[in-house]
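Readers should treat all values here as calculations from the given coordinates under stated rules, not as data from a laboratory. This structure is a prediction, so every number in the text was calculated from the model and none was measured. Every residue, glycine as well, gets a Cβ built from its backbone with ideal geometry; the counts of neighbours run over all protein chains shown.
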Amino acid sequence: MSAGAQAMQSRPGVEIPDITANPRVVEVVQPLIDRVQEVIQEKNVSYDEWHHAIHFMIDLANAGEVPLLMALFEATVDEVANAASASSTTAIEGPYYVPGAPMLEPPYVMPQRPDEPGEPLVFSGAVTTPAGQPIVGALLDVWHADATVPGTYSNIHPGQPDFNLRGKLKTDEQGRFELTTIRPTPYHIPDQGPTGRLLGALGRHSWRPAHIHVKISADGYQPLTTQLYFQGDEFLDSDVASAVKDELILPLRPAGPNTDSHLTLRYDFQLAPTRR
Ligand code: DHB
Ligand code: FE
């Protein structure tokens with residue numbers, strides 16, 4: 001599948017029913033239409049501007065950027081979905097999750113090219129209940145951009161082998177995990193496509209701070225989707241996706257006094273039990 005066709009699917013590889021199957025279609029879509037009409041009235045939107053909007057949506061679909069534009073709203077969806085969650089802090093999935101990443105074998109090393117650019121990074125931590133009980137055998141599905149500038153994602157952007165820097169691992173008998181990978185660089189969404197050009201016209205840049213995506217699942221627990229960010233990143237305060245949360249900004253520490261040793265990143269996740 002081409003990058004564009006892949007990006008056209010809201011969840012590559014996942015079947016999602018038609019919107020008419022959703023019983024809340026009247027409750028949610030009708031007010032959405034009403035609000036657009038209010039803006040047309042309030043801002044005196046002209047026929048030309050209405051045609052610009054039509055043209056923009058056609059362009060967006062043709063460029064395969066519907067999921068990309070929609071990702072700009074995902075931070076609010078995440079906030080609503082997880083407002084009452086007892087799990088640790090969530091963050092958006094973003095448009096570039098791909099199911100089917102390889103299950104790795106310990107000691108865990110992210111799939112990477114022999115000459116993968118970037119500083120080595122050891123990401124470790126634990127998965128526990130909110131009370132701190134270890135969760136053994138929790139599945140972590142981890143994906144991140146490479147260390148080129150700006151970073152790119154395998155299976156989405158050309159230039160990387162499939163599932164490069166994407167992998168699954170499990171917590172051990174103590175509920176702990178350790179994954180060796182590389183430090184991703186900040187990422188910017190394509191700025192030549194309709195989404196990037198619109199952001200530019202709005203006076204906004206297209207950058208996201210560097211981040212590592214993680215999805216965690218374990219039997220009997222609510223699944224968690226989150227991202228981890230690095231202290232000192234220049235885009236933490238102006239993320240194009242408005243998805244940074246303070247609790248998810250972490251220090252990258254050198255492993256030891258030796259300056260050529262790798263960086264370490266530590267984070268403990270908590271999963272709330274499944275609601276009954
Ligand atoms: C967006 C989010 C991401 O996590 C990412 O890697 C790229 C884009 C977004 O919200 O547009
Ligand atoms: Fe991302």
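Going residue by residue through the stretch 94-109, is there one that turns out to be away from ligand 2 (no atom under 16 Å from the Cβ), part of a loop (DSSP other than H, G, I, E, B) and hydroxyl-bearing (Ser, Thr, Tyr)? If you could, list the steps in order and put the result at the bottom.
From the stretch 94-109, those away from ligand 2 (no atom under 16 Å from the Cβ) are 100, 102-109; that's our starting set.
Now restrict to residues that are part of a loop (DSSP other than H, G, I, E, B): 100, 102, 104-107.
Filter again for hydroxyl-bearing (Ser, Thr, Tyr), leaving none.
Checked the stretch 94-109: no residue is away from ligand 2 (no atom under 16 Å from the Cβ), part of a loop (DSSP other than H, G, I, E, B) and hydroxyl-bearing (Ser, Thr, Tyr).
Looking at the stretch 169-276, what strands (runs of 3 or more DSSP E) fall wholly within it and have at least 3 residues that are away from ligand 2 (no atom under 16 Å from the Cβ) and in contact (Cβ under 8 Å) with a residue 60 or more places away in the chain? Let's see the steps before the verdict.
Working: elements: 176-182, 211-217, 224-230, 263-266.
Filter on the stretch 169-276 gives 176-182, 263-266.
Answer with yes or no whether Asp219 is surrounded by fewer than 17 Cβ atoms within 10 Å (Cβ to Cβ) and over 18 Å from the mean Cα position of the chain (by Cα).
Here the answer is yes, as Asp219 does meet what is asked.
Taking only pairs six or more apart or across chains, which ones have beta-carbon atoms under 8 Å, a first residue in the stretch 82-104 that is on the phi > 0 side of the Ramachandran plot, and a second residue that is crowded, with 18+ Cβ neighbours inside 10 Å?
Once the first residue is on the phi > 0 side of the Ramachandran plot and sits in the stretch 82-104, its partners that are crowded, with 18+ Cβ neighbours inside 10 Å give Gly94/Ala71; Gly94/Glu74; Gly94/His213; Gly94/Gln227; Gly94/Ala241; Gly94/Ala243.
Collect the residues in the stretch 193-234 that are away from ligand 1 (no atom under 12 Å from the Cβ) and under 15 Å from Leu252 (Cβ atoms), keeping them in residue-number order.
Correct list: Phe230, Gln231, Gly232, Asp233, Glu234.
Within the stretch 238-274, can you find the residues that are within 16 Å of ligand 1 (Cβ to nearest atom) and loosely packed, with under 12 Cβ neighbours inside 10 Å? So that I can check it myself, show each step before the final result.
Step one: list which residues in the stretch 238-274 are within 16 Å of ligand 1 (Cβ to nearest atom), which gives 238-245, 248-249.
Matches in the stretch 238-274: none.
Would you call Leu169 of a type in the set (A, V, I, L, M) and over 23 Å from Thr90 (Cβ atoms)?
Answer is no for this residue.
Could you figure out which of (1) farther than 23 Å from Ala101 by Cα; (2) surrounded by fewer than 18 Cβ atoms within 10 Å (Cβ to Cβ); (3) within 16 Å of ligand 2 (Cβ to nearest atom) isn't true of Thr148?
(1)
Could you please give the count of residues in the stretch 40-62 that are among the small types (Gly, Ala, Ser) and either assigned to a helix (DSSP H, G or I) or surrounded by 17 or more Cβ atoms within 10 Å (Cβ to Cβ) (or both)?
2
Please enumerate the residues belonging to the stretch 49-93 that are aromatic (Phe, Trp, Tyr) and within 16 Å of ligand 2 (Cβ to nearest atom).
Matches in the stretch 49-93: Phe73 only.
Give the stretch 63-97 a look and list any residue that's surrounded by 13 or more Cβ atoms within 10 Å (Cβ to Cβ) and of a type in the set (S, T, N, Q), or say none.
Matches in the stretch 63-97: Asn82, Ser85, Ser87, Ser88, Thr89, Thr90.
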